[in-house]
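Laboratory data are not the source of any read-out in this text; all were calculated from the coordinates shown. It should be emphasised that the depicted structure is a prediction, and the values quoted were computed from it without experimental measurement. Note: ideal-geometry Cβ built from the backbone for every residue, glycine included; neighbour counts use all protein chains shown.
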């Protein structure tokens, strides 16, 4: 009786191999000649295609770089979250208190609007650097973290 093991066949017993029929032996010899590989995974004889070398294996496509809209959406969310942390509904709500007769709300709105303007000025300046090749394109998450550190919000006392 012939035998098969990983990547080989024999007419003599093979340590760790499995017995195969004469027909399977002939098919294995022909398959090996045609580029197939002998497998005995799970104790079952099979002829399979050889695995692709890693350098030829299909690669996961690189994720598309963030778009300008991806950055804009994340920055808007950051600006809204900053206003919401002070219990305003969103950035627009906070900014709407700029001319409030309540001096605390007016001061908060003034500080917020100045901060918001500084945020967007920073965003556009840094994204211009990306487009001109002066800096690597950050992920959206990296950019928002960088922005929070570069342009911190300071609410009035």
Of (1) more than 24 Å from the chain's Cα centre (by Cα); (2) more than 30 Å from residue 37 (Cα to Cα); (3) surrounded by fewer than 17 Cβ atoms within 10 Å (Cβ to Cβ), residue 97 fails just (3)
Which one of these is without any contact (Cβ under 8 Å) to a residue 40 or more places away in the chain, surrounded by 12 or more Cβ atoms within 10 Å (Cβ to Cβ) and in a loop (DSSP other than H, G, I, E, B): 14, 32? 14
